[in-house]
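The values are calculated or read from the model by the stated rules, or taken from the named source; none is laboratory data. Remember, it's a predicted structure, so these values are computed and weren't measured experimentally. Virtual Cβ from ideal backbone geometry, glycine too; neighbours counted across all protein chains shown. To get the accessible areas, we keep the full protein, side chains included, count just its heavy atoms, and leave off ligands, DNA and RNA. Shrake-Rupley method; radii C 1.70, N 1.55, O 1.52, S 1.80 Å.
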Amino acid sequence: MTNATLAELAVHIRGRRLSPVELVTAYLARIERLGPRLGAFITLDAGGALAAARALEAEGAAGRWRGPLHGVPLAFKDLCAVPGLPCSGGTRTRDYFRSEQACTAVQRLVAAGAVTLGTLNMSELALGPFGDNAHHGDVQNPWRAGHVSGGSSSGSGAAVAAGLAAGALGSDTGGSIRLPAACCGVVGLKPTYGRVSRAGVMPLSWTMDHLGPMARTVRDVALMLGVIAGRDPLDATSSPRPVPDYVAALDGPVAGLRAAMPASHFFDGIAPDVAAAVMGAAQVLEQLGVRVVTARVPDPQTITDACNTPIVRAECAAAHERLLRERSDELQPVVRARAEAGFDVSAVDYVKALRRRAQAAREFIAAAFAEADVLLTPTIAEAAPTYAAATAGGVAEVIARMSGFTRLTRVFNTVGLPALSLPCGFSSTGLPLGLQVIGRPFDETTVLRLGHAYEQSAGWHRRRPPLAAEDGTPVPVAAPGGR
């Protein structure tokens, strides 16, 4: 049961070939067996999940169906305010983030029939691309223990890949949905800025944060997006644009679409197996009738340095000022250094960065889509490194390594474009690699359609992590607080 996709589970439940209680029980058993080894969950709500499943089962038997996710078990990054559950934001304080309102996206998923399994591990304050956490343990990559799971939505990526949840919510300020999706071999979508409400979500950077779905297939992600997208009066930045039927559009033709591969930056200095995998994906798309061309875009690193970095630093320091002023000793050294850097950003520099961002977004979008419908890039420049390699050295060294790991994703937060990461192959060492598909503002439909066509043709989504736990082999896991 836990190997089925989210969409398959929904169909089986609606057809009464599978009961919500049976399904939730299977997921809880798998979490009990694998959860401690992977470190994907912070809070597991077994009792609440079973109670919800029983209620949904009774409603289904009476012919009352809540929505397209009726009885499907999901889990949520631990920066979403979920009624009845603590929200740590990855910090050591169990209930660090308190919100007067519940997370709108979670509420919409529950209203559509989803079962809440619990909340998922993450990088502290969402400030890390690797998945290490000294308070809750490092989230292990389901493909190989000791390797990073990607961050900051580390638990979301690992839980979906390992079959501990049918789908998950993640947040993305510089790549935090797409990086764990790529590292763990699943699908993750950062929607257009404003497409999904962020009400009831702990902020890192108000103008860069995005909330989005993570699941095993593009269809699953499209199904979740259709539920959570749309205007929310509790989030003034959410868009009033109508929400398309993303699932219905998936099987439309892709022949004739134009996909551009940027001529520089995204392919500079990447690992040979990453380059080969992405070029192989482009060839698959060409066989499907997609025209692959080259595009020249404004330098993403310049945009990131001039806009993303100062804005995120300033907004992070403002969002977590009290913690930084009063209890900064509770934070991991790298997280503390990154967050406190915001205090050095002047109001003048912050406003200038916002103005530059608006201009940069216009210029980037105009250049990128002058002769293309989507962009194609790698998600990560290398396969998931080991935690030992990623976190070695002093604070400055680790921060520099973090910047390098996010250099292919951050620009799309700055310009607010929808960006999908999906599996496109494996490294020479057997770890997943990710293809990034980027579209025009609010054109998730085209991004998902092309991603789905590639996925179905390439078939990488059918592979599952060879979890050592399946054959009884011990999986070493770093203890909280050290390695």
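Sequentially through segment 287-295, phi angles give Karplus couplings (6.51, -1.76, 1.60; θ = phi - 60°) of 5, 8, x, 7, 8, 9, 10, 9, 10 Hz, Gly and Pro residues having no value and appearing as x. Legend: Rg and Dmax of segment 297-436, from Cα coordinates, 17.2, 52 Å.
Relative to its Kirkwood radius, the Cα radius of gyration of segment 1-65 gives an Rg/Rh of 1.01.
Farthest towards the positive end of the charge dipole of the chain, among the residues Ser238, Leu44, Asn121, is the Cα of Ser238, using unit charges on the Cβ of Lys, Arg, Asp and Glu. In segment 31-156, the convex hull through the Cα atoms has an average projected area of 8.1 nm², a quarter of its surface area. With all protein chains kept in place, the per residue accessible area of the chain amounts to 36 square angstrom at a probe of 1.4 angstrom.
Using only side-chain charges placed at the Cβ, +1 for Lys and Arg and -1 for Asp and Glu, the dipole size of segment 1-77 relative to its Cα centre rounds to 100 debye.
No disulfide-compatible partner, judged by a Cβ distance under 4.7 Å, exists for the following cysteines of the chain: Cys87, Cys183, Cys184, Cys307, Cys316, Cys424. The charge dipole of the chain, taken about its Cα centre with unit charges on the Cβ of Lys, Arg, Asp and Glu (plus for the first two, minus for the last two), comes to roughly 520 debye.
Charging the Cβ of each Asp and Glu at -1 and of each Lys and Arg at +1, and nothing else, the dipole of segment 324-397 about its Cα centre rounds to 320 debye. Over all orientations, segment 114-235 has a Cα convex hull whose mean projected area works out to 6.9 square nanometres.
The residues packed around Ala114, meaning those with a beta-carbon under 11 Å from its beta-carbon, carry a net charge of +2 if Lys and Arg are +1 and Asp and Glu are -1. Surface composition of the chain: carbon and sulfur make up 53 percent of the accessible area, probe 1.4 Å. Scaling the Cα radius of gyration of segment 349-417 by the globular reference 2.2 N^0.38 Å produces a ratio of 1.43. Kirkwood radius for the chain, taken over all pairs of different Cα atoms as the inverse mean of 1/r, rounds to 21.9 Å. Under the rule of at least 5 residues apart or a separate chain, name every residue whose amide H is placed under 5 Å from the amide H of Gly434. Close amide H contacts, sequence-distant or interchain: Thr379, Ile380, Cys424.
With θ taken as phi - 60° and the Karplus curve 6.51 cos²θ - 1.76 cosθ + 1.60 applied, the whole-hertz 3J(HN,Hα) list for segment 347-354 is 4, 5, 5, 5, 5, 4, 5, 5 Hz, x standing for glycine and proline. Within the chain, the longest run free of exposed loop sites, counting GluC sites (Glu not before Pro) that sit outside DSSP helix and strand states (H, G, I, E, B) and have at most 14 other Cβ atoms within 10 Å, spans 101-370. Residue by residue, segment 258-269 carries 3J(HN,Hα) couplings of 10, 10, 9, 10, x, 6, 9, 6, 5, 10, 7, x Hz when phi is fed to the Karplus relation 6.51 cos²θ - 1.76 cosθ + 1.60 (θ = phi - 60°); x denotes Gly or Pro. Estimated at the nearest 10 Å², the accessible area of Asp268 is 80 Å² with a 1.4 Å probe. Around the amide H of Val115, modelled in the peptide plane, lie the amide H atoms of Gly71, Val72, Leu74, all under 5 Å away and 5 or more residues distant in sequence or on another chain. The figure for Ser152 is an accessible area of roughly 0 square angstrom, using a 1.4 Å probe on the protein chains alone. In segment 253-343, Cα pairs under 8 Å separated by at least six residues give a relative contact order of 31 percent.
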